[in-house]
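The values are calculated or read from the model by the stated rules, or taken from the named source; none is laboratory data. Bear in mind that the values here come from a model prediction, so they are computed numbers and not experimental data. Cβ: placed from backbone, ideal geometry, glycine included. Neighbour counts: every protein chain shown.
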Amino acid sequence: MNIDDFITHIEEEFDDITPGTLNPGSIFREVFEWNSINALILIAMVKTEYDVAINAEDIAGSRTIQDIYSIIEARVA
């Protein structure tokens, strides 16, 4: 697991993100329309790809792609 793979998964999951535009410092709420549906999509993608549960509080407390990745990395068994 690495940040580049995580970014690739996000870019593949969300149609309105052009591949190659995200980086660890990207503020995800500014990159694409952020709403509750997209939060659920991100939560489901993390569970499917990494078998890690994140929740709305984790997302709300995160600003960048790196912030979310760090939460996932800390929870990987």
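Miscellaneous remarks
- Remark: ALA53 falls outside the filter, which requires a residue to be loosely packed, with under 14 Cβ neighbours inside 10 Å, part of a helix (DSSP H, G or I), small (Gly, Ala, Ser) and on the phi < 0 side of the Ramachandran plot.
- So ILE43, is it out of contact with any strand residue (DSSP E or B) (no Cβ under 9 Å at 6 or more places or on another chain), without any contact (Cβ under 8 Å) to a residue 40 or more places away in the chain and not in a helix (DSSP H, G or I): no
- The residues in segment 1-20 that are in a loop (DSSP other than H, G, I, E, B), touching a residue at least 12 places away in the same chain (Cβ under 8 Å) and within 17 Å of ILE41 (Cα to Cα) can be counted, and the count is 3.
- Residue within segment 27-35 that is within 11 Å of the chain's Cα centre (by Cα) and either among the hydrophobic types (A, V, I, L, M, F, W, C) or modelled with pLDDT of 95 or more (or both) present: yes
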